[in-house]
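*Asks:* Once you've had a glance at the structure underneath, I'll fire off some questions.
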There are 2 protein chains.
Amino acid sequence: MTAVVREPADFRRACDEARGRGQRVGLVPTMGALHAGHLSLIDEAKARADFIAVTIFVNPLQFGEGEDLDRYPRTMEADLEGCRGRDVDVVFAPDPKAMYPDGFQTQVSLGEITKPLEGEFRPGHFDGVTTVVTKLFNLTGPSVAVFGRKDYQQWRILSRLALDLDMPIEVVGCAIIREADGLALSSRNRYLSASERKRALGIVTGLRAAYDAWTGGQRNPDTLRALAAAPVEALFDRADYVAAADPETLGAPEDPESRLLLAVAAHLGKTRLIDNVVLGEDPRP
Amino acid sequence: MTAVVREPADFRRACDEARGRGQRVGLVPTMGALHAGHLSLIDEAKARADFIAVTIFVNPLQFGEGEDLDRYPRTMEADLEGCRGRDVDVVFAPDPKAMYPDGFQTQVSLGEITKPLEGEFRPGHFDGVTTVVTKLFNLTGPSVAVFGRKDYQQWRILSRLALDLDMPIEVVGCAIIREADGLALSSRNRYLSASERKRALGIVTGLRAAYDAWTGGQRNPDTLRALAAAPVEALFDRADYVAAADPETLGAPEDPESRLLLAVAAHLGKTRLIDNVVLGEDPRP
């Protein structure tokens, strides 16, 4: 039985009761529009915890002006069906007013790790993410929280957040789930026209070229970055970044002989897609 | 038996074990140099909880440049004696490096409520307070946390913090404890020379004048503020502020007929003292 609650107090009570029964609580925060990537996060949570809480909340704080808050897909009935199919214990789907009542004025923000990549192109985005996730952590009291590595920087930030604020929560990052042709699953893929959908493969084509060069011994970050960038520049309307970065700090590569993050954000029409691979760690995308 | 721990993991374990035994945990965060005001906070925590945790940490994050971080009084042995005398269960006295290890980069900050009064004269101070208290809340998992109302704005901010971040913690503010002659107890009082100690009474003299006028029916915030300010201006080297403010928002008085905060910060030599009264709520200072 999947309970669906809208009030923070009801959600807290459900999680408290689970912990009171001695269960480990696993949290999967989402913005809804669930796809197979989200379902893999739920599976991972189920493998690590006894009581699974999924949150569905399109968090206005993490959308900037001109971003897609208003048109972000809402598919609540299908999302609940997906959660029921996975035997999720509780789904928390609050209204924004319940999360941010009048007088709300607290912000949780991180430093250096939030500045590059997404931070450069989505100012304020991560402040919104870290603030809402802190609230969700505090409502849930999870032993483990599961996020997707497609939002690689977000995952690293939330790991740092839990560490810095002494939250006793294991922050797990799950592998990117891809379509058969390699496109990373994203709730935003549904925005793509048929021709954009084809051009969207430019990202994974580039990441694969870099991956293959790495496997062949190439360790020069600039060379690898350029291999990843070429098909993006050829096929997308514009790229925000195609970057080679350190997988921990998200800054300049510190040990590119052993591990290197390649991260991409690029636009097709009104749709912005992101993807990444950690060379030296991830399988071929 | 009062346990004394220095490592965050040990402190967390002690509090976890108490909660595991079904005890309510009460937290009293301090910067040490304990006086009777702090002891009254411990007493309040004991009345509301089963397991009492006192933290002693001079938090560098909440001191600005040129403030008294280096000379802030450290009286650890006497502090521990005081805690033992009150049957405190655990004292947590970490090193700064344990609270802020390399790579630490998370900040918790509030908005409007942190801007006036102390916020105007101690930029960054409340960011340091809210960040460290969030960490202490997360390490402790208290049902109740107790603070002194001498730091009135801090108490309101921390109440708002717990509410905004969905921390299930009752944030209690305890009445100011005063010397026989009315001076509010403060760890910083020990900085005062004999003559400064006499002039320090200017604050409470002003607050009493305002209190008596309020009792006599005076409700004009400017008039009440002026009554509080006169002896401060006469006796102190300089005042940072003598303000009439709303007791909830800390901004302009919203309902000065029913309740009004008078708050003072002023300097005697190198020593900065604060004090306050909520007219319509507090007893005569």
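The values are calculated or read from the model by the stated rules, or taken from the named source; none is laboratory data. Keep in mind it's a predicted model, so treat the numbers as computed, not measured. Every residue, glycine as well, gets a Cβ built from its backbone with ideal geometry; the counts of neighbours run over all protein chains shown.
*Asks:* Out of (1) in a helix (DSSP H, G or I); (2) in contact (Cβ under 8 Å) with a residue 40 or more places away in the chain; (3) touching a helix residue (DSSP H, G or I) at 6+ places or on another chain (Cβ under 9 Å), what's the single condition that is false for B:Arg197?
*Replies:* (2)
*Asks:* While we're on this one: How do the pairs read when you match residues in segment A:222-234 that are outside any helix (DSSP H, G or I) with residues anywhere that are of a type outside the set (D, E, K, R) and surrounded by fewer than 22 Cβ atoms within 10 Å (Cβ to Cβ), using Cβ under 6 Å and keeping only pairs 6 or more apart or on different chains?
*Replies:* none
*Asks:* Ok, one more. Which one of these is part of a helix (DSSP H, G or I) and surrounded by fewer than 15 Cβ atoms within 10 Å (Cβ to Cβ): A:Asp212, A:Asp255?
*Replies:* Testing whether each residue is part of a helix (DSSP H, G or I) and surrounded by fewer than 15 Cβ atoms within 10 Å (Cβ to Cβ) leaves just A:Asp212.
*Asks:* Please specify each residue of segment A:75-92 satisfying the condition of being surrounded by 14 or more Cβ atoms within 10 Å (Cβ to Cβ) and either without any contact (Cβ under 8 Å) to a residue 12 or more places away in the chain or touching a Gly at 6+ places or on another chain (Cβ under 8 Å) (or both).
*Replies:* Once the filter is applied, which keeps residues that are surrounded by 14 or more Cβ atoms within 10 Å (Cβ to Cβ) and either without any contact (Cβ under 8 Å) to a residue 12 or more places away in the chain or touching a Gly at 6+ places or on another chain (Cβ under 8 Å) (or both), segment A:75-92 yields A:Thr75, A:Met76, A:Asp79.
*Asks:* Related question: Looking at A:Val132, is it crowded, with 19+ Cβ neighbours inside 10 Å and either in contact with a His (Cβ under 7 Å, 6 or more places away or on another chain) or in a helix (DSSP H, G or I) (or both)?
*Replies:* Yes; evaluated as a whole, the condition is true for this residue.
*Asks:* Moving to a separate point now. Please enumerate the residues belonging to segment B:49-74 that are surrounded by 14 or more Cβ atoms within 10 Å (Cβ to Cβ) and more than 19 Å from the chain's Cα centre (by Cα).
*Replies:* Within segment B:49-74, B:Ala49, B:Asp50, B:Phe51 meet the criteria.
*Asks:* For segment B:93-128: of the residues being among the aliphatic types (A, V, I, L, M) and in contact with a Lys or Arg (Cβ under 8 Å, 6 or more places away or on another chain), which is farthest from B:Ala243 (Cα to Cα)?
*Replies:* Only one residue fits best here, namely B:Ala98.
*Asks:* Being over 20 Å from the mean Cα position of the chain (by Cα) and among the small types (Gly, Ala, Ser) is the filter; apply it to segment A:79-113 and report the residue that is nearest to A:Ile274 (Cα to Cα).
*Replies:* A:Gly85
*Asks:* Take the residues in segment A:161-175 that are in a helix (DSSP H, G or I) and touching a residue at least 40 places away in the same chain (Cβ under 8 Å), then tell me which one is nearest to the other protein chains (Cβ to nearest Cβ).
*Replies:* Here the residue is A:Asp164.
*Asks:* Within segment A:200-209, track down each residue that is under 12 Å from A:Leu268 (Cβ atoms) and either modelled with pLDDT under 95 or in a helix (DSSP H, G or I) (or both).
*Replies:* A:Leu201, A:Gly202, A:Ile203
*Asks:* Next question. Looking at segment B:73-94 only, could you name the residues that are part of a strand (DSSP E or B) and either under 10 Å from B:Ile52 (Cβ atoms) or not assigned by TED's automatic domain parsing to the domain that holds B:Ala49 (or both)?
*Replies:* The answer is B:Val90, B:Val91.
*Asks:* Among B:Pro116, B:Pro123, which is touching a residue at least 40 places away in the same chain (Cβ under 8 Å), within 14 Å of chain A (Cβ to nearest Cβ), farther than 25 Å from A:Ala162 by Cβ and more than 15 Å from the chain's Cα centre (by Cα)?
*Replies:* B:Pro116
*Asks:* With respect to B:Glu233, is the statement that it is closer than 20 Å to B:Pro283 by Cα and surrounded by fewer than 18 Cβ atoms within 10 Å (Cβ to Cβ) true?
*Replies:* So B:Glu233 does not fit the description; no.
*Asks:* Do we have A:Val28 as hydrophobic (A, V, I, L, M, F, W, C) and outside any loop (DSSP other than H, G, I, E, B) here?
*Replies:* In short, yes.
*Asks:* Related question: Can you name the condition, by its number, that A:Leu158 falls short on among (1) surrounded by fewer than 23 Cβ atoms within 10 Å (Cβ to Cβ); (2) within 14 Å of chain B (Cβ to nearest Cβ); (3) of a type outside the set (Phe, Trp, Tyr)?
*Replies:* Going through the list (1) surrounded by fewer than 23 Cβ atoms within 10 Å (Cβ to Cβ); (2) within 14 Å of chain B (Cβ to nearest Cβ); (3) of a type outside the set (Phe, Trp, Tyr), A:Leu158 breaks only (1).
*Asks:* Right, next: Would you point out which residue out of A:Gly173, A:Gly141 is at pLDDT 95 or above, farther than 30 Å from A:Lys198 by Cβ and crowded, with 19+ Cβ neighbours inside 10 Å?
*Replies:* A:Gly141
*Asks:* Give the residue that is farthest from B:Asn189 (Cα to Cα), with candidates limited to residues of segment B:258-285 that are without any contact (Cβ under 8 Å) to a residue 60 or more places away in the chain and part of a strand (DSSP E or B).
*Replies:* The qualifying residue farthest from B:Asn189 (Cα to Cα) is B:Leu260.
*Asks:* Let me ask another. Quick one: would you say A:Val108 is within 14 Å of another protein chain (Cβ to nearest Cβ), out of contact with any Asp or Glu (no Cβ under 9 Å at 6 or more places or on another chain) and not in a loop (DSSP other than H, G, I, E, B)?
*Replies:* no
*Asks:* Please name all residue pairs, on different chains or six or more residues apart, with Cβ atoms under 7 Å, provided the first residue is in segment B:5-18 and is in contact (Cβ under 8 Å) with a residue 40 or more places away in the chain and assigned to a strand (DSSP E or B) and the second residue is surrounded by 15 or more Cβ atoms within 10 Å (Cβ to Cβ) and not small (Gly, Ala, Ser).
*Replies:* B:Val5/B:Phe11; B:Val5/B:Val90; B:Val5/B:Phe92
*Asks:* Let me ask something else about it. Just to be sure, is A:Ala239 within 23 Å of A:Gly173 (Cβ to Cβ) and either acidic (Asp, Glu) or not assigned by TED's automatic domain parsing to the domain that holds A:Leu110 (or both)?
*Replies:* When the stated conditions are applied, A:Ala239 does not pass them.
*Asks:* Does any residue in segment B:128-139 that is within 10 Å of chain A (Cβ to nearest Cβ) come within less than 6 Å, Cβ to Cβ, of a residue that is hydroxyl-bearing (Ser, Thr, Tyr) six or more places away or on a different chain, and which pairs are these?
*Replies:* What qualifies is B:Leu136/B:Thr55.
*Asks:* Pull up segment A:235-257, narrow it to residues that are of a type in the set (A, V, I, L, M, F, W, C) and in contact (Cβ under 8 Å) with a residue 60 or more places away in the chain, then point me to the one that is farthest from A:Thr114 (Cα to Cα).
*Replies:* Only one residue tops the list, namely A:Ala243.
*Asks:* Checking the conditions here, which among A:Ala98, A:Ala53 is aliphatic (A, V, I, L, M), out of contact with any strand residue (DSSP E or B) (no Cβ under 9 Å at 6 or more places or on another chain) and more than 9 Å from chain B (Cβ to nearest Cβ)?
*Replies:* A:Ala98
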